[in-house]
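A.B. asks: Mind looking over this structure? Questions follow.
The values are calculated or read from the model by the stated rules, or taken from the named source; none is laboratory data. Source: prediction; values computed, not measured. Here the Cβ positions follow ideal geometry from the backbone for every residue, glycine too, while neighbour counts run over all protein chains shown.
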Amino acid sequence: MAGPLGEFQLIGRFFDRGPARKALLGIGDDCALLGAPACGEGLAIATDMLVGGRHVFDDVEPEALGHKGLAVNLSDLAAMGARPLAFTLALALPQADEAWLRGFSRGMFALADRFDCELIGGDTTRGPLNVCITVIGQVPAGSALRRDGAQPGDDLWVSGELGAAAFAVAERQAGRPLPADHPARVRLDRPEPRVALGLALRHLARAAIDVSDGLAGDLGHLLERSRVGARLVWPAVPVAPALRGLPGARRMQLALAGGDDYELLFAAAPENRVAIEALGPRLGLQLSRIGAFDAGDSMRLVDERDRPIAFEGHGFDHFA
Ligand SMILES: Nc1ncnc2c1ncn2[C@@H]1O[C@H](COP(=O)(O)OP(=O)(O)OP(=O)(O)O)[C@@H](O)[C@H]1O
Ligand SMILES: Cc1ncc(C[n+]2csc(CCOP(=O)(O)O)c2C)c(N)n1
Ligand SMILES: [Mg+2]
């Protein structure tokens, strides 16, 4: 078909995949319609946006952007122990480029289909690159993994490895962009939302948060909400292999304050230690016990002999 791609053509071609499967009504009306959840089930709802030049480089590969826009939202559902159900997509694009849209929708729907999460609506406009997704998930009432449930004496755990994505951002900013297949670039471009871990933790963890702003910052949010303190044992923190050759202070900065990790940080009673250790191999995911919660009101970074380590870093903040 000749001529420029219009707004409604664009939606029909790249985002409308026909009659809704999970929603009562999907794309094409003034609202989507979702059936009310069964008795005893609640809805978990979260919104995260990715802004060109701020959350992603403006030349980000469209397929990676489609993946990441949804992945950072699914990560919030994972951190809550919620099962993905549906999502909306608000999209601002500088121009309607068919090849770009094909890549973007391919990356987004590949991830959506893996988690059976259905696109039910959204909004499309011309403007500076912005992908804003709202996800809706389902969680039995009372079993959501909130930020406020950690107790003194609980173990502090984290999934995966930290710092790789921040390393990829730093290398690009220093004029040394990593190739797209470098493990650190893959972590930056295609974070894997830890949905299966979140579901498995519903009955094992007392509190959880996903690490988007850096471990130190997000642990701070958990401590504040739970009104507890924590000891964080630096040698136990799983640092991404890409950071191995770097000076110690730089590794610490990237792993604790770099951000964009999308791993789960969680609190669990020591009696659940064996069950949590068994989860790792089942999910093919490293789970590290990196400290413990206490009756304090802040994070103390220590070495393996409990001696304090100085750390100046803080979590990512768009306005600080
Ligand atoms: N503009 C806003 N209006 C209403 N609530 C907001 C707004 N911005 C953020 N919030 C709420 O503030 C809380 C903290 O938001 P924040 O974005 O820090 O969490 P997050 O999405 O888990 O982290 P991240 O965005 O780093 O992945 C959430 O409950 C969020 O819904
Ligand atoms: C081009 C570019 N510049 C900087 C970064 C780093 N970065 C951006 S947002 C964010 C935290 C999560 O944001 P939010 O709290 O809004 O979800 C981080 C660590 C990046 N990935 N790409
Ligand atoms: Mg957010």
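A.B. asks: Only one of these is within 23 Å of HIS221 (Cα to Cα), among the aliphatic types (A, V, I, L, M) and assigned by TED's automatic domain parsing to the domain that holds PRO128: ALA82, ALA64. Name it. Spell out the reasoning first.
C.D. replies: Values: ALA64 fails: within 23 Å of HIS221 (Cα to Cα).
After ruling out the rest, the residue left standing is ALA82.
A.B. asks: Somewhere in segment 298-316, is a residue free of Cβ contacts under 8 Å to residues at least 24 places away in the same chain, away from ligand 2 (no atom under 16 Å from the Cβ) and within 26 Å of ARG187 (Cβ to Cβ)? Before you say what the answer is, go through the steps one by one.
C.D. replies: First, pick out the residues of segment 298-316 that are free of Cβ contacts under 8 Å to residues at least 24 places away in the same chain: 305, 307-308, 310, 312.
Retained after the next criterion (residues that are away from ligand 2 (no atom under 16 Å from the Cβ)): 305, 307-308, 310, 312.
Among the residues that remain, those that are also within 26 Å of ARG187 (Cβ to Cβ) are: 312.
Looking through segment 298-316, at least one residue is free of Cβ contacts under 8 Å to residues at least 24 places away in the same chain, away from ligand 2 (no atom under 16 Å from the Cβ) and within 26 Å of ARG187 (Cβ to Cβ).
A.B. asks: Select from segment 127-156 the residues that are part of a strand (DSSP E or B) and under 21 Å from ARG231 (Cβ atoms) and write down the one among them that is farthest from the chain's Cα centre (by Cα). Explain how you work it out, then say what you get.
C.D. replies: Our first condition is that a residue be part of a strand (DSSP E or B); within segment 127-156, this holds for 130-140, 155-156.
Still in the list and also under 21 Å from ARG231 (Cβ atoms): 155-156.
Details: ASP155: 22, LEU156: 18 Å.
Ranking the qualifying residues of segment 127-156, first place goes to ASP155.
A.B. asks: Further, regarding this structure: Looking at ASP123, ASP76, ASP58, which is the one that is within 13 Å of ligand 1 (Cβ to nearest atom) and either in the same structural domain as ARG172 (by TED's automatic domain parsing) or touching a strand residue (DSSP E or B) at 6+ places or on another chain (Cβ under 6 Å) (or both)? Even if it seems obvious, please write down each step before you answer.
C.D. replies: On the way: ASP123 fails: within 13 Å of ligand 1 (Cβ to nearest atom); ASP58 fails: within 13 Å of ligand 1 (Cβ to nearest atom).
Result: ASP76 is the single residue among ASP123, ASP76, ASP58 that is within 13 Å of ligand 1 (Cβ to nearest atom) and either in the same structural domain as ARG172 (by TED's automatic domain parsing) or touching a strand residue (DSSP E or B) at 6+ places or on another chain (Cβ under 6 Å) (or both).
A.B. asks: Under the condition of being within 20 Å of ARG54 (Cα to Cα) and either out of contact with any helix residue (DSSP H, G or I) (no Cβ under 9 Å at 6 or more places or on another chain) or of a type in the set (A, V, I, L, M) (or both), which residue from segment 177-223 is nearest to ligand 2 (Cβ to nearest atom)?
C.D. replies: Only one residue tops the list, namely LEU188.
A.B. asks: Output the residue which, of all residues in segment 58-86 that are within 19 Å of ALA141 (Cβ to Cβ) and within 16 Å of ligand 3 (Cβ to nearest atom), is farthest from the chain's Cα centre (by Cα).
C.D. replies: ALA82
A.B. asks: Do you know which residues across segment 11-29 are part of a loop (DSSP other than H, G, I, E, B), small (Gly, Ala, Ser) and either at pLDDT below 95 or surrounded by fewer than 19 Cβ atoms within 10 Å (Cβ to Cβ) (or both)?
C.D. replies: The first filter runs over segment 11-29 and keeps only residues part of a loop (DSSP other than H, G, I, E, B), leaving 15-24, 26-29.
With small (Gly, Ala, Ser) added as a condition, the list becomes 18, 20, 23, 26, 28.
Listed by number, the residues that qualify are GLY18, GLY28.
A.B. asks: If you scan segment 1-57, which residues turn out to be away from ligand 3 (no atom under 16 Å from the Cβ), of a type in the set (Val, Ile, Thr) and within 25 Å of the chain's Cα centre (by Cα)?
C.D. replies: Residues of segment 1-57 that are away from ligand 3 (no atom under 16 Å from the Cβ), as a first pass: 1-43, 52-53, 57.
From what is left, the residues that are of a type in the set (Val, Ile, Thr) are 11, 27.
Passing the criteria: none in range.
A.B. asks: Looking at segment 71-99 only, could you name the residues that are within 22 Å of ARG202 (Cβ to Cβ) and outside any strand (DSSP E or B)?
C.D. replies: Initially, segment 71-99 is screened for residues within 22 Å of ARG202 (Cβ to Cβ), giving 71-87.
ALA71, VAL72, ASN73, LEU74, SER75, ASP76, LEU77, ALA78, ALA79, MET80, GLY81, ALA82, listed by residue number.
So that you can scan it fast, the table gives a plain yes or no per residue for (1) within 19 Å of the chain's Cα centre (by Cα); (2) farther than 30 Å from ALA141 by Cβ; (3) in contact (Cβ under 8 Å) with a residue 12 or more places away in the chain:
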{"position": "VAL158", "(1), (2), (3)": "yes, no, yes"}
{"position": "PHE167", "(1), (2), (3)": "yes, yes, yes"}
{"position": "ALA170", "(1), (2), (3)": "no, yes, yes"}
{"position": "GLN173", "(1), (2), (3)": "no, yes, no"}
{"position": "LEU178", "(1), (2), (3)": "no, yes, no"}
{"position": "ASP181", "(1), (2), (3)": "no, yes, no"}
{"position": "ALA184", "(1), (2), (3)": "yes, yes, yes"}
{"position": "ARG187", "(1), (2), (3)": "yes, yes, yes"}
{"position": "GLY198", "(1), (2), (3)": "yes, no, yes"}
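A.B. asks: Could you figure out which of (1) touching a helix residue (DSSP H, G or I) at 6+ places or on another chain (Cβ under 6 Å); (2) within 16 Å of ligand 2 (Cβ to nearest atom); (3) part of a loop (DSSP other than H, G, I, E, B) isn't true of ALA46?
C.D. replies: Result: ALA46 passes all but (3).
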